[in-house]
Amino acid sequence: MEFDPQAIRAFEHASWQRVAARYGGTFAAATREFVAALLDAANVGAQTRVLDVCCGPGYAAGAAAARGATAAGVDFSPAMLEVARAAHPRVAFSHGDAEALPWPDGSFDAVVSNFGVHHLPHPQVALAQAGRVLEPGGRLAFTVWARPDRNIAWRLLFDAVRRHGNADAAKTPPPGGSINSEDDCRAALAQAGFRDIDARLVEQSWPVGSAHDLVAAFRNGTARTAALIDAQDPAALPAIEAHMAEHAEIYRQGDDLRVPIAAVLAWGRKA
């Protein structure tokens, strides 16, 4: 399928509008695990002026405010912003485009993005915009999901779909770029003009009750992965879930599965 930035934007916008109300009770249990490390990488503390780009429900911005930072957030989904404003009244949330941030140059000491950059049509443009709104010496940090071969939660699903469903069923627009390894992230930051760049793999565990809950979380908290699940023949879903349940059982701890998940955390400093 041909790369079409507007198709990507429309697909992502519709996805996040759809899941906003359910995200907090499902997929947020995965993404929240990485917020503290993200803020640490950006040196966010008391009185830091920090912008949370692609803020979604505002978890990173809210956590920054809890550290005493002056936090702002921006997202293109009105439904997500409604959730964020209700949950984090101390944070100034704005409707806007990560590729055209509505702030003057040098407005922030830190910019963070928790699993937002890889959803954009032009990730490189967004990183350059983050650099523009940073003051000299300010830090950018972002997270992206690691590849499925390094990420067991996704591997459980994709293996089950290949075995019992159709891995090519979702006709989603191709992503704007491949940023799912440490080298990818370092290269993207260097191209955007950042210095003192680094990236590392961060491993956490995702508590879910069952394989059924894992599938529900993917459906209610992702874009392309949700589209893949929704495109499956409904008759195949029980076999997909059963395959996932069988292979996930080794991660059970008491009443929950603690499914390993991995993200790449990357950071750099504006020259």
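Read-outs: derived from the displayed coordinates by stated rules, not from any lab. These numbers come from a predicted model, not from an experiment. Reconstructed Cβ throughout: ideal geometry from the backbone, glycine too, with neighbour counts over all protein chains shown.
Between the amide H of residue 138 and those of 270, distances stay under 5 Å, these residues lying 5 or more places away or on another chain, with hydrogens modeled in the peptide plane.
Given only helices, namely DSSP H runs of n ≥ 4 each adding -39500 (n - 2.57), what is the per-residue ellipticity at 222 nm of the chain, to the nearest 500 deg cm²/dmol? Numbers along the way, then the final one.
Numbers: 11 runs with 110 residues, N = 271.
That calculation yields -12000 deg cm²/dmol at 222 nm.
If a paramagnetic tag sat 7 Å from the Cα of residue 163 along the Cα-Cβ line, which residues of the range 220-257 would have the backbone N under 11 Å from that point? Within reach of a label on residue 163, which here means backbone N under 11 Å from a point 7 Å along Cα→Cβ, the range 220-257 contributes 239-249.
I want the local charge near residue 105. Using Cβ-Cβ distances under 11 Å, sum +1 for each Lys or Arg and -1 for each Asp or Glu among the other residues. Intermediate values should be presented prior to the final figure.
Details: positive: 132, 270; negative: 135.
With Lys, Arg at +1 and Asp, Glu at -1, the net is +1.
Sorting check: for 68-74, 157-163, 86-92, which peptide has the highest mean count of neighbouring beta carbons within 10 Å, and how do the rest follow? Please report the intermediate quantities before stating the final value.
Working: 68-74: 22.9, 157-163: 18.7, 86-92: 15.3.
Final packing ranking: 68-74, 157-163, 86-92.
Counting charges near residue 191 (Lys, Arg +1; Asp, Glu -1) among other residues having Cβ under 13 Å from its Cβ returns a value of 0. Report the normalised scattering of the chain as log10 I(q)/I(0) at q = 0.10, 0.14, 0.15 Å⁻¹, calculated by the Debye formula with identical scatterers on the alpha carbons. Summing over Cα pairs of the chain leads to -0.49, -0.96, -1.10. All other residues whose Cβ lies under 9 angstrom from that of residue 48 are scored, Lys and Arg at +1 and Asp and Glu at -1, for a net of +1. Length gained on full extension, residue 135 to residue 97: 11.7 nm, using 0.36 nm per residue less the C-alpha separation. Exposure proxy for 233, 184, 75, 97: other Cβ atoms within 10 Å of each Cβ, ordered fewest to most, give 233, 97, 184, 75. The H on the amide N of residue 70, modeled in the peptide plane, is under 5 Å from the matching H of 47, 48, 49, 50, each at least 5 residues off or on a different chain. When each of 178, 113 is scored by the number of other beta-carbon atoms lying within 10 Å, the sequence from fewest to most is 178, 113. Taking amide H as placed 1.01 Å from N in the peptide plane, the amide H of residue 76 sits under 5 Å from that of 96, each at least 5 places away or on another chain. Annotation: the residues 18, 195, sorted from fewest to most other C-beta atoms within 10 Å of their own C-beta, follow the order 195, 18.
Converting phi to 3J(HN,Hα) with the Karplus coefficients 6.51, -1.76 and 1.60 and the offset θ = phi - 60°, the range 135-143 yields 6, x, x, x, 10, 10, 9, 8, 10 Hz in sequence order, with x at every glycine or proline.
Each label was represented as a point 7 Å from its Cα along the Cα-to-Cβ direction; for residue 67 and residue 187 these points are 3.0 nm apart.
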